[in-house]
Amino acid sequence: MKNTLFFLFVTATTLIICVTVIPNLLKKRLYPEFWVSIVALGLSLLISFSKVFDFSVPNPSDLILWIYSPLKGLIQGLLKQG
Amino acid sequence: MKLNGIIGLSITLLILSGCWNSREINELSISIAIGIDKTERGYRITHQILNPKAISTKIYTNETPIILFSEEGENVFSIIRQNTAEFPRKIYNSHVRMVVFGEDMARNGIQDVLDFLLRDHEFRTDFYFAIAKGTTASEVLSILTPLEFIPGIRLYNSLENSESYLGITQSVDILDLVQCIISDGKNPALPGIEITTGEKGSDTLDVLTTVSGKKGLKYIDMGVFKDDKLIGWLSEDESKGFNYIVGNVKNNIEYTHYNEKDQITYEIIDSAKKITTSVVNQKPSLLVEIRVKANIGAVDGYFDIMKKENESMVVNLLENRLQEFCESALRKAQTELHSDIFGFGEVIHVKYPKLWKEIKSNWSVEFSRLPVEFDVTVELNKTGEISKSVFTKEES
Amino acid sequence: MNKKIITNKQLFSLAAGGSIGGSVLVSAPLMAGIAKQDAWIGALIALIYGACYIFMLTCLSSQFPNMNFVEIIQTLLGKWLGSAFCVYYIFLCILLSAHIPWYVGDFLTTMVMPETPQYFVNAIYIIALAIGVSYGLEAFARASEIFLKAGSFLFILAMVLVLPNAHIGNLQPILENGILPPLKSSVVLSSFSTFTLIILLMIYPSNINEPKKASKEFVKGYIWGGFISFTSIFLSILVLGWNITSKSRYAAYILANEIEIGVIFARIEFIVFASWILTQFVVNVLYFYAGISSLAHLLKLKQSGKVILPLSLFLLALAEIIFPGNIYQENWIVFGWVPFIITLGLVLPLCLFIVYWIKRLVSGKQV
Amino acid sequence: MKTPRKITQAKKRQQASFPESNLGSDLFANLTRIKTDFGQNNDLVVNVLQWDDNPACIYAVLYLISFTNKDTINSLSDEIDSLKNKVSTKETYSTLRDFFSGIRVCKEGSKLMDLYAELLSGNMVFLVNGSERYFSVLAENTEGRAVEEPSAQTVIRGPKDGFTENLNQNIFLVRKRIKNTSLKLENLSVGKLTKTAISLMYIKGIAKESIIQEIRDRINRIEIDSILEGAYIEEWIKDDRYSIFPVFLSSEKPDSVAAALTEGKVAIFTDGTPYVLSAPAVMVDFFHSSEDYYHHFIISSLMRILRYMAFFITLLTPALYIGITTFHHEMIPTQLLISIAAQREGVPFSTFLEGLILEVTFEVLREAGVRMPRAIGPAISIVGALVLGQAAVDAGIFSAAIVIVVSITAISSFSIPNYEMSNAIRTARFVFMVLAGLIGLYGIFVGLIVLTLHLCKIKSIGIPYMTPIAPHIKGGNKDTFFRFPLWSMKKRPYGIHGIDERRVADEYDKQDKTKDQEFR
């Protein structure tokens, strides 16, 4: 229920933005802005889809964890108790 | 127009989806006190729930100010939720003033319950604990009390009052209690409640219409814990001694006999403690200095307290009396219960961290052998509205 | 050129708000977990070397008075490496802008209203965030002055009211395990309150009306923020004891639960939340603003205001998935956040400094 | 860059409808022309006169009878009679003109359009046969409301005169208070249809040149057919048009306008309204009353603090009540919770709905109180008080607590001196109520954050609205939350004043202040 509402909310907002902001961008030939908006909207739609249809999308926090995984032992020694 | 439609839709979605946590006050059943007992199945939890209709001054009803609600089960949280199955309103726990443990419950350990009380968001940290001495918590909570119609609030208020004017109880909130339990060098002590005897039962409204001879509630003694388990009781005098040692006495009445039948009554108006520790041959020893300010409350007979030589006698009498209390409390804790309720371990921990690390694991044994000395100093302050006893005959 | 100009006082507020917002409710449990009762010493240590760090930042950026951080990176590290770092930097900004709503939502759904879905709390917060960013730097900097004053006042009020519950014994014994644990804990605090101020370099020298005196205000703001964080940690340990502090999720809120002076000053723990959300909001707008303006620089956006709305929606969606739960979050802070912010907040400026020196030496020889 | 072009276009349109034409030399042709242009207007009086049967001495007097003062017309005709003998044939026009320009305000012109403008502003127009020019004599009917005590901004202490609908009278009331040549007046006329006279007043040197220029430009940029009140101008030249907060201080008291002028503000007088705007106005100005300066400063400061409290009470009380009683029961002291719970037993509405209904009812009552005839005012208030306060609670439809909350809100909303500000706050209050009903205190906090952001964003003629709080001005807060003693407010408000920034003479600082006290 909560997920569905979230999905509906995101979709509705995406629609509003698509109707109001996007045509304006194209009219004014602001292409970089257009692409940033499209990517952001697409990603948020993707995430809200993943909530409803129950598939997982890659989490950017995991990326950070993966990048710094070689340092894990060091940090463990440094920041755990004692 | 289409745009307005979509905006409207999304705002409606946002608003419709709101109000998850909203609950009107009259849809709550406000729990004022909780009693927790140990039973064969697990726990019995008793809620004292307010009946606002009966308390409201405008509407006259014949209902009791509280409704008692009891449920048995294996798990604390699930029992609390169980109540909703039978009760029209969800029980609301943020206004809990007292948590009363049954004696069996306390002897079996309270740690698991405390974890729940800390973790659940509805429970605040400002309620006090007590132990139903020799009875169950649900018995205690079922007793109606005059003057303050809501027994939970009555228990809370009289605990605070008896702490500040009587000096035999100690109000302990959940953070203090948890700190005492997890600390190595300190054990908790909680006040005990007893049901005073009377012929009439106290669980109907009739009790509020009679003047005397009813059952009541009274704080008595202090339950001593070892870690999270109740192991014994301090008597009234020992409780006093305990409170003097931990520096919890604000105001108190003491009396001493200066001869066989005549007494001097003191009103303690201030008390401060200072605990110093020293180590001799890797053995710690403690000196507890207690400084007490007292007024004269009453003098029986013809004793002339204004005489210079009598002053020191008056002071000495009280000093000895207090010393007795403290020693009896210590004796009980050291020899019988082996539980450091005074926090002496913490004192040693602060002063000698290295020594503490060695004796920490064996502290209850060490504590029983710990030499403790008391040094009570009394300072006489005022003699009340009169100086000598008015009945003292002047020698003219 | 319609450059947004802010005053030094506003820089002070932004720096202080940025420093308080990240740390005040979150860092105490972690620090107490590492340094036990000495965590407050760690906070003091962090304050001292943090001030030096801020001074270094101002030294670095005042060499480029008309550039923001992204431009500095690109000038010093060249186009390709510089752009790579910029992308990483933008990644930090966007990620953090989504983290903070998560914290707000998590706090509310943990401590106050557990039945409300987190995305709803986040949505309301992010609407405010989008309004804040779209109003522009000047309006937001002015508002931050009020936010900082109100936030500090409420927080100090709460701390003063909770003082009667303090037990001095909770601090003792001081330095039981030596100086090492406090030092370690100070790393945690500075990764929340100090290194995060790197985002202020997006506005620091280029948007200030009196750049000469600004570095002093920057440091002063940081010290005020550090003082508030220190107070929160100090009092948490003083009142709750290190054990409960380290095991609670939002220690300062539990701390404020203890306030009970008469009838008036009881049950007002919400003021701690108010002060936290005010300063948190300052930090969050800063991150979002920095993210958008560096994105605008990198992709050469002409009207960066137009992307606020889609990006806000993206933040809302991101906040939903960024931490699956608080167990994940607590591990992530230690193994992800600390090295992440140290890379961008400490290592990157140090590298820039070194590159700058080398370049200056080289060019000096040529002249 | 767009606006100037628009103006020229508009001018062209204007010129098309009123063709640029000059008067001819034939008097009767001119008169016919004028009569056709005015059409069947009964109040246009055309008086053709002739002296000594001399055909060269024919002249005409034109005026709008509804506009002109009868006494003036009578005295003018007497004066003309006395001229009779001096007139020579050729110089009728110049003789008449010279005579009148000596004793009355006189204007000359040759364009038909200007002539109409003169007629329409209540002047008498003289046309002489054989002359291609006309001249007009000021004969405007200045009768109107006498100067009375202001109806909306009443004071206990202080001057009790109020502005009227008459522009000249209003200017006089202010000029009387500032007897200085540097008090400047600029006349503008706005409104294609109404041609409303607008006057800008400021003190040269004290008001900032850039601010005056900005206001002038913005007023010139207005393109609207009618201006009936100062609010039209405010709405046109506001910095943030969608903001509900007023950024122009409207006052009907000459003393407060005079005070605003001495602070470096610019006053905008509009003909036909007793409200005078002054700008730039910052947030705190709307919480000041002119009376603050007429009482002891400590007492005034306390009153001000009360007003700021009233601001927060009006804005937040219903929202806080709704938020706390539906979301945060743990914040209510136990005893209070019990009593609210007892009151709410059997109440059918949710707290939010209760609050909303009662607040709307209050707004309706307030609106009814303003609109209804004076005579039935007490009746309405009795009905309102009885229905809301007593019967609804007794019947168990509303709880007593919410009635108290609504009453507190209502009362405090009236202690804010400026009516527009009070309206804005009352409007914002509903938003806060909805937020509180949605998600409790958190909603209120977010609402406050957005409100603060908004207040920090909007500007009044380029001055940030929250000056001197944010941006914080060192030493600028002497006249915001507290009123410091007059001698300590040494400088005019920051950001507004021009070159002359000191209020208190420089020498005052250097004087030996103990001297004053030696007399005691």
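Read the figures in this text as sums done on the coordinates, not as results from a lab. Note that the structure is a prediction, hence the values are computed from the model and not measured. Backbone-built Cβ (ideal geometry, glycine too); neighbour counts: all protein chains shown.
The residue list B:85, B:266, B:334 was ranked by how far each Cα lies along the charge dipole of chain B toward its positive end, using unit charges on Cβ atoms, and B:85 comes out on top. Pairs spanning more than 21 Å between alpha-carbon atoms, out of B:273/B:351; D:35/D:111; C:4/D:457; C:9/D:208; D:457/D:490: C:9/D:208; D:457/D:490. The mean count of C-beta atoms from other chains within 10 Å of the C-beta of residues in C:172-179, rounded to a whole number, is 3. Of the residues B:222, D:331, the one with the fewest other Cβ atoms within 10 Å heads the list, and the complete ranking is D:331, B:222. Per residue of peptide D:323-336, the mean number of Cβ atoms on other chains within 10 Å of the residue Cβ is 6.
Enter the angle in degrees (range 0 to 90, nearest 10) between the Cα long axis of helix B:76-86 and the first principal axis of the Cα atoms of chain B, meaning the one along which they spread out most. Helix B:76-86 sits roughly 50 degrees off the main axis of chain B. Sorting D:175, D:483 from the fewest to the most surrounding beta carbons within 10 angstrom yields D:175, D:483. In a DSSP loop and with at most 15 other Cβ atoms within 10 Å, the GluC sites (Glu not before Pro) in segment C:91-200 are C:115. Given in Å, the Rg to one decimal and the Dmax to the nearest whole number for the Cα atoms of the protein assembly as shown are 40.4, 143.
Taking a ≥ b ≥ c as the square roots of the eigenvalues of the Cα gyration tensor, an a/c ratio of 1.5 or more together with a/b no larger than b/c marks segment D:297-464 as oblate. Here each label is just a point 7 Å from Cα along the line to Cβ, and for residue D:486 and residue B:196 those points are 7.0 nm apart. Modelled spin labels at residue A:62 and residue D:336, positioned 7 Å past Cα toward Cβ, are 4.9 nm from each other.
Of all complete DSSP H helices in chain A, those with a Cα span along the helix axis of 24 Å or greater and a mean Kyte-Doolittle hydropathy of -0.5 or more are A:2-27, A:31-53. Taking Cα atoms only, the orientation of helix D:92-103 departs from the longest principal axis of chain D by about 40 degrees.
Site-free segments of chain A were taken between trypsin sites (Lys or Arg not before Pro) in DSSP loops having at most 12 other Cβ atoms within 10 Å, sites themselves excluded; the longest one is A:30-79. Each DSSP beta bridge with both residues in the protein assembly as shown is either parallel or antiparallel, and the antiparallel ones are about 80%.
Our helix-only sum for chain B, with -39,500 (n - 2.57) per DSSP H run of n ≥ 4 divided by its residues, gives a mean residue ellipticity at 222 nm of -9500 deg cm²/dmol.
Taking amide H as placed 1.01 Å from N in the peptide plane, residue B:193 has its amide H under 5 Å from the amide H of B:131, B:132, B:133, B:220, each at least 5 places away in sequence or on another chain.
At an R0 of 60 angstrom, the distance between the Cβ atoms of residue B:270 and residue C:4 translates into a FRET efficiency of 0.45. Quick one: grab the alpha carbon gyration tensor of segment B:312-358, order the square roots of its eigenvalues as a ≥ b ≥ c, and give me rounded if a/c is under 1.5, else prolate or oblate depending on whether a/b is larger than b/c. Because a/c hits 1.5 or more and a/b fails to exceed b/c, segment B:312-358 counts as oblate. From the alpha carbon centroid of segment B:83-128 to that of segment D:328-391 is 37 Å. In this simple spin-label model, placing a label point 7 Å from the Cα along the Cα-to-Cβ direction at both residue A:2 and residue C:59 gives a separation of 5.0 nm. By DSSP, the beta bridges lying fully in chain B are antiparallel in about 70 percent of cases.
Calculated FRET efficiency, residue B:40 to residue B:64, Cβ-Cβ distance, R0 = 25 Å: about 0.25 to the nearest 0.05.
Where a ≥ b ≥ c are the square roots of the eigenvalues of the C-alpha gyration tensor, would you call segment B:24-234 rounded, which needs a/c under 1.5, or, failing that, prolate if a/b is larger than b/c, or oblate? Verdict is oblate for segment B:24-234. For segment B:326-396, GluC sites (Glu not before Pro) are listed when DSSP marks them as loop and at most 16 other Cβ atoms sit within 10 Å of their Cβ; the list is B:385, B:394, B:395.
In terms of the mean number of neighbouring beta-carbon atoms within 10 Å, the peptides B:230-239, B:73-82 order highest first as B:230-239, B:73-82. For the peptide A:23-33, the mean number of other protein chain Cβ atoms found within 10 angstrom of a residue's Cβ is 4.
Highest GNM mean-square fluctuation among B:305, B:268, B:245, for chain B modelled with Cα contacts below 10 Å: B:305. DSSP loop (so not H, G, I, E, B), at most 16 other Cβ within 10 Å: list which trypsin sites (Lys or Arg not before Pro) in segment C:1-41 pass both filters. Filter output for segment C:1-41: C:3, C:4.
Computed over chain A with a Gaussian network model linking Cα atoms closer than 10 Å, the most mobile of A:43, A:71, A:15 is A:71.
The mean sequence separation of alpha-carbon pairs under 8 Å and at least six residues apart, normalised by the residue count of chain B, gives a relative contact order of 13 percent.
Note on C:297, C:99, B:47, B:121: ascending count of other Cβ atoms within 10 Å places them as B:121, C:297, C:99, B:47, the fewest first.
If r is the Cβ-Cβ distance from residue D:45 to residue D:415 and R0 is 45 Å, what FRET efficiency results, to the nearest 0.05? Efficiency at R0 = 45 Å is approximately 0.30. Between 0 and 90 degrees, the angle of helix B:151-165 with respect to the longest Cα principal axis of chain B falls at about 20 degrees. Over all other residues within a Cβ to Cβ distance under 12 Å of residue D:258, the charged ones net out to +3, with Lys and Arg as +1 and Asp and Glu as -1. A simple packing score, the average count of other Cβ atoms within 10 Å per residue, orders the peptides C:355-363, C:274-282, D:415-423 as C:274-282, D:415-423, C:355-363, with the highest score first.
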